[in-house]
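**Student:** Would you mind keeping the following structure in view while I ask a few things?
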Amino acid sequence: MESPYIEKIVLSKSARVGYAIFINTSVAWLVSNDPSNIMIVQNTQGDAEKFATKEIGKVFNHCLPVISKLYGKNTTTEKSFFGGDLSVVWATSASSFRMVTIKYLFMDEISGWTDNVDKEGDPIDLAITRTESEGQRKIVLGSTPKEAGTCKITREFLQTDQRYLYVPCPHCGFKQRLKLENLRYSPKNYKNAHFVCIHCSGKIEEHHKFNMVEAGEWRATREFECCGVHQVPEQWDETGSALCCKCGEPGDTNERGKIDAGFHVWSAYNDNPNTSLPSIAAEYDKAKKDPRKMQTFMNTKVGVEYSDAARIHRLNNFETLYQRREYYSPMESLPEQTRCVLATIDTQKNRFDYHFWAIGDRGEMWAIHYGKVHGDPEDTSTQQSLIHELETEFTLPDGRNIGVFAAAMDCNGHAWKAMLEFCAPYQGWIFAIRGEVNAKTKFKPEFTLSFKVHPEVKCEYRSLNVHQLKNRAAERLNNEAPGKNYIHFPVSDVFDLNYFQMLTAEELKGSGSNVKWDKKPDQKRNEPWDLLVYVLWLWDFLRPEIKHASPQDPLGLIDPNAHKLTDDVIENDYGDYYETSDYGDY
């Protein structure tokens, strides 16, 4: 707080490491030594009143140097003193940040704050705006992290110089961070839990922690550029700020020459029985056995953002999928394992996007073709052009021809009724579908949520559980072993880098009941991703028929009486189960 360089402090922490005590002591010191306007922001009004009574209220009721400075207003959430005043406000009200000028700003548990308060914007930004007229301001943000991808404290921490507490090994003296990955324990005896020194491999046990932490030092770790040299921090001042190897001054500064200092600390540094190494090991071991508990453990004990769903279903990079393309020409000859060809259609305002897929044994799939039919989807000519594409004939290895056995068509959007009218004459061949993302239904295991018939058009349509289908699509794309549930892509101009960018356009954000698939930043198109989701539903819906087909007797033959494959072709038994991702350790 006294450093003239440090303007912003971000504390990403586990629970119960003393952030409230830090706020209390800082306020007491400021009132006594540098009186000015101070604001403490809690999440809700209830949180603000509780903090004002049970935390900062004790400072103003029992700290004599502070009591001697009191002058004027003295309510639960507002205190006046010589030279300034203190206000405890809440982030859920935009009026908290009006008509005030603040020099010292403390924000608590920001990961739980709303993104947009009273339609006026981010409350963090609204609060910081109240400090803009103060040249020597201090901005402090602290919180326990929450779900990965949306965690506010993690976002703020990554914009700082990212400091960690380095402690000396009791055996060799080498200073290092205490990391969860270096924790060792036996599930049969948690009492032997210890860290392993990364330098000498010595055991760092519970009784070593107090002296280690006392001798520890904060070190900024973010790389920076100063004096025209890109640098990895190698020397630090007494506060932990990284020093430039050329000028010897703090080098990782912001646009105003000030330092945004970030601190991360977690339970392993605490010196109390409830956060001892055996206790941490026991909780970690239980969390590993139940992924639902891992979210709580990683947030409250390790002090990092986490999302169990995001870890399981995180998509491979689009370049990785692009590089695994194979040399086959499906438009000339389908794979030998083909049991049928399925199609999926996505309806846009000015076109249809369509995709052909060859379906093999045990859910193995081959991408055949991805194309577009441009025009108004409600125009008869555009619709007939789509039917022409869907009537494409494909060639099997033995020379027989095969057509699209079934198609799934997205009928959502502005042309919902018109698309149902288009699908009505083709029912049984083209299945009308619409995606549904409902908080109450997205965790159901069923892929088909409802089946209805439009009362006017007399066309069947089905609502799909797109959340679960997208989870399945991610698992399929992450599958790196050809065979069961693997998706093949050919080397062709159609399946280029742009295709794979659209195929991986979405990511899973949040966790728990708030988890959802959403487009990545700056990613506008995702049609191949949606078309993959649709074919996984269609394949699952038609599995009872597809499992009785074979390469000798595929579905959708143009001439069923044509010659068949010889009987010496090996056919594997069909398995109607999925390959799911295993939960991995942190």
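**Student:** Stokes-Einstein diffusion coefficient for region 244-300 at 10 °C in a medium of 1.306 mPa s, Rh from the Kirkwood formula over Cα pairs: what value in µm²/s?
**Tutor:** The diffusion coefficient I find is 109 µm²/s.
**Student:** Given R₀ = 22 Å, what would the calculated FRET efficiency be for residue 192 paired with residue 290, taking r from the Cβ atoms and rounding to 0.05? Write down the numbers at each step before the final one.
**Tutor:** Numbers: r = 23 Å, r/R0 = 1.05.
It comes to 0.45.
**Student:** By its C-alpha gyration tensor, with a ≥ b ≥ c as the square roots of the eigenvalues, how is region 3-91 shaped: rounded for a/c under 1.5, else prolate for a/b larger than b/c, else oblate?
**Tutor:** oblate
**Student:** Can you give the Kirkwood hydrodynamic radius of the chain from its Cα pairs, in Å with one decimal?
**Tutor:** 28.3
**Student:** Calculated from DSSP H runs of 4 or more alone, at -39500 (n - 2.57) each and per residue, what is the 222 nm mean residue ellipticity of the chain, nearest 500?
**Tutor:** About -7000 deg cm²/dmol.
**Student:** Still on this structure: With point charges of +1 on the Cβ of Lys and Arg and -1 on the Cβ of Asp and Glu, referenced to the Cα centre of the chain, which listed residue (48, 150, 167) lies farthest in the positive direction of the dipole?
**Tutor:** 48
**Student:** Also, I was wondering about something else. Could you pull out every residue, at least 5 positions away or on a different chain, whose amide H is within less than 5 Å of the one on residue 436? Hs are placed 1.01 Å off N in the peptide plane, and Pro or chain starts have none.
**Tutor:** For residue 436, the qualifying residues are 464, 466.
**Student:** Would you tell me the accessible area of residue 540, worked out with a 1.4 angstrom probe on the heavy atoms of the protein chains, in Å² to the nearest 10?
**Tutor:** Residue 540 has an accessible surface of roughly 40 Å² with all protein chains in place.
**Student:** I've got another one for you. Give me the angle, in degrees from 0 to 90, between the Cα long axis of helix 19-33 and the longest principal axis of the Cα atoms of the chain, rounded to the nearest 10.
**Tutor:** Helix 19-33 and the main axis of the chain meet at about 40 degrees.
**Student:** To the nearest 0.05, what FRET efficiency results for residue 100 and residue 323 with a Förster distance of 51 Å applied to their C-beta separation? Write down the numbers at each step before the final one.
**Tutor:** Values: r = 55 Å, r/R0 = 1.09.
It comes out at approximately 0.40.
**Student:** Of 213, 502, 370, which is farthest along the charge dipole of the chain in the positive direction, counting Lys and Arg as +1 and Asp and Glu as -1 at C-beta?
**Tutor:** Checking the options against the dipole of the chain, the answer is 213.
**Student:** Along Cα→Cβ, 7 Å out, is where each label goes; now give me the distance between the ones at residue 53 and residue 171 in nm to one decimal.
**Tutor:** Simple spin-label model gives 5.2 nm for this pair.
**Student:** OK, next. How do 246, 258 stack up against each other in accessible area, from largest to smallest, with a 1.4 angstrom probe?
**Tutor:** Descending accessible area places them as 246, 258.
**Student:** May I ask for log10 I(q)/I(0) of region 164-273 at q = 0.21 Å⁻¹, from a Debye sum over the Cα atoms as equal point scatterers with solvent left out?
**Tutor:** For the requested q values the scattering log ratios are -1.09.
**Student:** Let me ask another. Any idea what the relative contact order of the chain is, in percent, if you count C-alpha pairs under 8 Å spaced at least 6 apart?
**Tutor:** 13
**Student:** Turning to a different aspect of this structure: Work out, step by step, the length gained on full extension between residue 68 and residue 378: first 0.36 nm times the residue separation, then minus their alpha carbon distance; give nm to one decimal.
**Tutor:** Extra length from residue 68 to residue 378 when fully extended: 103.8 nm.
**Student:** Quick one: helix 277-289 against the long Cα principal axis of the chain, what's the angle to the nearest 10°, folded into 0 to 90?
**Tutor:** 20
**Student:** Given labels modelled 7 Å from the Cα in the Cβ direction, how far is it in nm from residue 207 to residue 491?
**Tutor:** Each label point is offset 7 Å from its Cα along the Cβ direction, giving 6.4 nm.
**Student:** Give me the percent of accessible area attributable to carbon and sulfur for the chain, probe 1.4 angstrom. Provide the component values of the computation, followed by the final result.
**Tutor:** Numbers: 12800 of 27480 Å².
So the carbon and sulfur contribution to the accessible surface is 47 percent.
The values are calculated or read from the model by the stated rules, or taken from the named source; none is laboratory data. From a predicted model like this one, the values you see are computed outputs, not experimental measurements. Using ideal geometry, Cβ is built from the backbone for each residue, glycine included, and neighbour counts are taken over all protein chains shown. Protein only, heavy atoms only, side chains kept; ligands, DNA and RNA dropped before computing areas. Shrake-Rupley method; radii C 1.70, N 1.55, O 1.52, S 1.80 Å.
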